[in-house]
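Chemist: Dropping the structure in here first, questions after.
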Amino acid sequence: MERWPWPSGGAWLLVAARALLQLLRADLRLGRPLLAALALLAALDWLCQRLLPPPAALAVLAATGWIALSRLARPLRLPVATRAVLITGCDSGFGKETAKKLDSMGFTVLATVLELNSPGALELRACCSPRLRLLQMDLTKPEDISRVLEFTKAHTTSTGLWGLVNNAGHNDIVADAELSPVAAFRSCMEVNFFGVLELTKGLLPLLRRSRGRIVTIGSPAGDMPYPCLAAYGTSKAAMALLMDTFSCELLPWGIKVSIIQPGCFKTESVTNVGQWEKCKQLLLANLPEELLQAYGEDYIEHLYRQFLHSLHLALPDLSPVVDAITDALLAAQPRRRYYPGQGVWLMYFIHYYLPEGLRRCFLQCFFIRHCLPRALKPGQPGPNRLEDGAQDPNLSPGPSPEMDW
């Protein structure tokens, strides 16, 4: 039976009218996403005409087209005006590039650096406007945080403080949790959690007054067990939970909180091979003899080789992260989570929906693939290894337990 074409034509007319209006208002771009949406809509039209009666086909096609155009529309942005933003960790990487971008947009940027004469600080002085102010701050030193808080309060009386970008982060070890000193966990927590907590709490009176934004750089390592990043990942997990708590508690005050979970990007700190070599030598020099014998120096060398090899996948273009931070600061309805970078959505899909064995295998293939510690290699005596053929008297007879590496 021949289908009546007018419902389909009416839906397409509605979609075309809205698309034209969005293009005229610059809320929509001509590009691959729009063409892909139209192609899928055409396929849906073909299917609906064969499976549904005309009224239902009209409703499905019109609703799908409306939703697709809504998703493709650029989010409503707030004007920059005289907004002031404090960004931590601007010596390099995401912090430095974000400070440059926001300064070029007209923000009043307060950029904290570890050293006022670092290469990153000198670059910001040279290329940014006089509005940008450089502040020295070490997040492990309460006196530095107090000085930045006082400066911010004094220099934002006219504009108010619109946003805080918690970008500064720290990690100086790549090793199994057992091999990582407790001091490494503490140093990560001091910067990535306690420093962020103290600075954020100190700025909340200003942010409540402006009904502003808190944007924090997290890490997928805080959501999933990346090999050899236990200290860093634990601190990022604590920070993410803190920000989720702030997001709920500060909602009545109008403050919106976002977390950026970037993939692997080529920032200066990540790709500093010399610094990672020093970290490896420091770990080997301070590792207890029993652990060094059980795991072996070759095991640690292997971990660092795998880590450095994984950095070849790092993306040199930092703009996806900078754009996510900018959107979190200016979008009328910013997202709670941003995932800039290639493959990040795939990692989260695998982590949440696939079996544990596949999750572990994927992380090892993508990041660090472990080798056997020295004590577990065949023919190597270990502290817990029995002589061949011997039976542990504490174990009852029966099949050997399955070992899960």
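The values are calculated or read from the model by the stated rules, or taken from the named source; none is laboratory data. None of the values given here were measured: they were computed from a predicted structure. Heads up, the Cβs are rebuilt from the backbone with ideal geometry, glycines too, and the neighbour counts pull from every protein chain shown. All accessible areas refer to the heavy atoms of the entire protein, side chains included, with ligands and DNA or RNA removed. Shrake-Rupley method; radii C 1.70, N 1.55, O 1.52, S 1.80 Å.
Chemist: What do you reckon, is Pro316 within 19 Å of Phe185 (Cβ to Cβ) and surrounded by fewer than 19 Cβ atoms within 10 Å (Cβ to Cβ)? Break it down into steps so the answer makes sense when it comes.
Modeler: Values: within 19 Å of Phe185 (Cβ to Cβ): no; surrounded by fewer than 19 Cβ atoms within 10 Å (Cβ to Cβ): yes.
Here the answer is no, as Pro316 does not meet what is asked.
Chemist: Based on this model, can you work out whether Ala285 counts as under 26 Å from Asp323 (Cα atoms), assigned to a helix (DSSP H, G or I) and open to solvent by 10 Å² or more (accessible area, probe 1.4 Å)?
Modeler: no
Chemist: Testing Gly160 on (1) open to solvent by 10 Å² or more (accessible area, probe 1.4 Å); (2) among the small types (Gly, Ala, Ser); (3) under 30 Å from His351 (Cβ atoms), one condition comes back false. Which one is that?
Modeler: (3)
Chemist: If we keep just the residues of segment 63-88 that are small (Gly, Ala, Ser) and either open to solvent by 20 Å² or more (accessible area, probe 1.4 Å) or in contact with a His (Cβ under 7 Å, 6 or more places away or on another chain) (or both), which is nearest to Glu123 (Cα to Cα)?
Modeler: The first filter runs over segment 63-88 and keeps only residues small (Gly, Ala, Ser), leaving 63, 65, 68, 70, 73, 81, 84.
Still in the running and either open to solvent by 20 Å² or more (accessible area, probe 1.4 Å) or in contact with a His (Cβ under 7 Å, 6 or more places away or on another chain) (or both): 63, 68, 70, 73, 81.
Values: Ala63: 50, Ala68: 42, Ser70: 40, Ala73: 36, Ala81: 25 Å.
This residue is Ala81.
Chemist: Those residues that are within 21 Å of Ala240 (Cα to Cα) and of a type in the set (Val, Ile, Thr), I need them from segment 158-173; list them, please.
Modeler: Of everything in segment 158-173, those that are within 21 Å of Ala240 (Cα to Cα) and of a type in the set (Val, Ile, Thr) turn out to be Val165, Ile173.
Chemist: Right, next: Failed condition for Thr64, given (1) in a helix (DSSP H, G or I); (2) touching a residue at least 40 places away in the same chain (Cβ under 8 Å); (3) polar (S, T, N, Q), with all others met?
Modeler: (2)
Chemist: Also: Suppose we keep only residues that are touching a residue at least 12 places away in the same chain (Cβ under 8 Å) and open to solvent by 70 Å² or more (accessible area, probe 1.4 Å) within segment 241-274. Which one would you say is farthest from the chain's Cα centre (by Cα)?
Modeler: The qualifying residue farthest from the chain's Cα centre (by Cα) is Trp253.
Chemist: Please count how many residues of segment 224-240 are of a type in the set (S, T, N, Q) and open to solvent by 30 Å² or more (accessible area, probe 1.4 Å).
Modeler: Residues of segment 224-240 of a type in the set (S, T, N, Q): 234-235.
From what is left, the residues that are open to solvent by 30 Å² or more (accessible area, probe 1.4 Å) are 234.
The number of residues fulfilling the criteria is 1.
Chemist: Moving to a separate point now. Taking segment 117-144 as the search range and keeping residues that are aliphatic (A, V, I, L, M) and more than 25 Å from Thr82 (Cβ to Cβ), which one is most open to solvent (accessible area, probe 1.4 Å)?
Modeler: Leu122
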